[in-house]
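Report on the structure given below.
The values are calculated or read from the model by the stated rules, or taken from the named source; none is laboratory data. Remember, it's a predicted structure, so these values are computed and weren't measured experimentally. Backbone-built Cβ (ideal geometry, glycine too); neighbour counts: all protein chains shown.
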Amino acid sequence: MAKTLQTASTEIVMGFKALSDPLRLQVIELLREQELCVCDLCDRLDVAQSKLSFHLKSLRAASLINSRQEGRWIYYSLNLPQFILIEQYLAEFRRFSPLLPARVCPPQP
(Lines give C-alpha, C1' and ligand atoms only; values in the text may rest on other atoms or scores of the structure.)
Protein backbone atom coordinates (compact mmCIF):
# COMPACT_ATOMS: atom_id res chain seq x y z
CA MET A 1 0.00 0.00 0.00
CA ALA A 2 2.88 2.41 0.75
CA LYS A 3 4.13 1.95 -2.79
CA THR A 4 0.73 3.03 -4.16
CA LEU A 5 0.75 6.12 -1.92
CA GLN A 6 4.30 6.97 -3.06
CA THR A 7 3.31 6.57 -6.73
CA ALA A 8 0.29 8.84 -6.27
CA SER A 9 2.43 11.38 -4.44
CA THR A 10 5.01 11.40 -7.26
CA GLU A 11 2.26 11.85 -9.87
CA ILE A 12 0.79 14.79 -7.94
CA VAL A 13 4.19 16.46 -7.55
CA MET A 14 4.91 16.04 -11.26
CA GLY A 15 1.47 17.44 -12.07
CA PHE A 16 2.00 20.55 -9.97
CA LYS A 17 5.45 21.10 -11.48
CA ALA A 18 4.05 20.79 -14.98
CA LEU A 19 1.23 23.21 -14.20
CA SER A 20 3.59 25.80 -12.72
CA ASP A 21 4.57 27.25 -16.10
CA PRO A 22 2.34 29.89 -17.76
CA LEU A 23 2.89 28.51 -21.28
CA ARG A 24 1.91 25.02 -20.16
CA LEU A 25 -1.25 26.42 -18.60
CA GLN A 26 -2.06 28.06 -21.93
CA VAL A 27 -1.64 24.69 -23.64
CA ILE A 28 -3.99 23.10 -21.09
CA GLU A 29 -6.55 25.85 -21.66
CA LEU A 30 -6.47 25.31 -25.43
CA LEU A 31 -6.83 21.55 -25.02
CA ARG A 32 -9.90 22.00 -22.81
CA GLU A 33 -11.92 22.72 -25.93
CA GLN A 34 -10.58 20.10 -28.33
CA GLU A 35 -7.73 17.89 -29.40
CA LEU A 36 -5.11 19.90 -31.31
CA CYS A 37 -2.09 19.08 -33.40
CA VAL A 38 1.26 20.56 -32.54
CA CYS A 39 1.09 22.89 -35.55
CA ASP A 40 -2.21 24.38 -34.30
CA LEU A 41 -0.78 24.83 -30.82
CA CYS A 42 2.28 26.61 -32.23
CA ASP A 43 0.10 28.95 -34.27
CA ARG A 44 -2.30 29.79 -31.46
CA LEU A 45 0.45 30.32 -28.90
CA ASP A 46 2.82 32.02 -31.34
CA VAL A 47 5.81 29.92 -30.24
CA ALA A 48 8.39 27.89 -32.11
CA GLN A 49 7.81 24.15 -32.29
CA SER A 50 11.14 23.47 -30.56
CA LYS A 51 10.11 25.55 -27.54
CA LEU A 52 6.63 24.05 -27.44
CA SER A 53 8.00 20.50 -27.70
CA PHE A 54 9.91 20.99 -24.45
CA HIS A 55 6.72 22.03 -22.66
CA LEU A 56 4.63 19.27 -24.22
CA LYS A 57 7.23 16.76 -23.03
CA SER A 58 6.81 18.03 -19.45
CA LEU A 59 3.03 17.78 -19.67
CA ARG A 60 3.29 14.25 -21.08
CA ALA A 61 5.77 13.21 -18.38
CA ALA A 62 3.24 14.39 -15.78
CA SER A 63 0.53 12.38 -17.60
CA LEU A 64 -1.57 15.52 -18.00
CA ILE A 65 -1.87 15.15 -21.77
CA ASN A 66 -2.13 12.29 -24.23
CA SER A 67 -0.55 12.25 -27.65
CA ARG A 68 -1.32 10.29 -30.77
CA GLN A 69 0.32 10.34 -34.14
CA GLU A 70 -1.66 10.63 -37.35
CA GLY A 71 0.55 10.73 -40.42
CA ARG A 72 3.32 13.19 -39.74
CA TRP A 73 1.38 15.18 -37.14
CA ILE A 74 1.06 14.57 -33.42
CA TYR A 75 -2.27 15.41 -31.81
CA TYR A 76 -2.64 16.26 -28.12
CA SER A 77 -5.59 15.97 -25.75
CA LEU A 78 -6.14 16.21 -22.01
CA ASN A 79 -5.73 13.12 -19.85
CA LEU A 80 -8.73 13.81 -17.61
CA PRO A 81 -8.12 10.98 -15.08
CA GLN A 82 -4.84 12.68 -14.10
CA PHE A 83 -6.65 15.96 -13.47
CA ILE A 84 -9.17 14.07 -11.33
CA LEU A 85 -6.30 12.66 -9.25
CA ILE A 86 -4.98 16.19 -8.59
CA GLU A 87 -8.49 17.46 -7.91
CA GLN A 88 -9.09 14.69 -5.36
CA TYR A 89 -5.79 15.50 -3.67
CA LEU A 90 -6.79 19.15 -3.30
CA ALA A 91 -10.31 18.23 -2.18
CA GLU A 92 -8.82 16.49 0.86
CA PHE A 93 -7.77 19.89 2.20
CA ARG A 94 -11.39 21.00 2.13
CA ARG A 95 -12.24 18.27 4.63
CA PHE A 96 -9.84 19.68 7.19
CA SER A 97 -10.46 23.39 6.60
CA PRO A 98 -13.51 25.41 7.47
CA LEU A 99 -15.25 26.79 4.41
CA LEU A 100 -15.38 30.24 5.98
CA PRO A 101 -12.93 31.55 8.55
CA ALA A 102 -14.26 32.08 12.04
CA ARG A 103 -15.84 35.48 12.35
CA VAL A 104 -14.31 37.65 15.01
CA CYS A 105 -16.79 40.06 16.52
CA PRO A 106 -15.50 43.39 17.84
CA PRO A 107 -15.74 43.79 21.62
CA GLN A 108 -18.99 45.32 22.83
CA PRO A 109 -18.68 48.69 24.70
(request) Would you confirm whether any residue within the range 59-67 is on the phi > 0 side of the Ramachandran plot and within 19 Å of the chain's Cα centre (by Cα)? (result) yes
(request) Would you mind stating whether I86 is of a type in the set (A, V, I, L, M, F, W, C), modelled with pLDDT of 80 or more, surrounded by 11 or more Cβ atoms within 10 Å (Cβ to Cβ) and farther than 24 Å from Q49 by Cα? (result) yes
(message) Any residue in the range 37-49 that is surrounded by fewer than 11 Cβ atoms within 10 Å (Cβ to Cβ) sitting within a Cβ distance under 8 Å of a residue that is not polar (S, T, N, Q)? List the pairs, counting only those 6 or more apart or interchain.
(response) A48/C42
(request) For residues that are outside any helix (DSSP H, G or I) and out of contact with any strand residue (DSSP E or B) (no Cβ under 6 Å at 6 or more places or on another chain), scanning just the range 1-35, find the one that is modelled with the lowest pLDDT. (result) M1
(request) Could you please find all residues in the range 58-76 being of a type outside the set (G, A, S), surrounded by 13 or more Cβ atoms within 10 Å (Cβ to Cβ) and outside any strand (DSSP E or B)? (result) L59, R60, L64
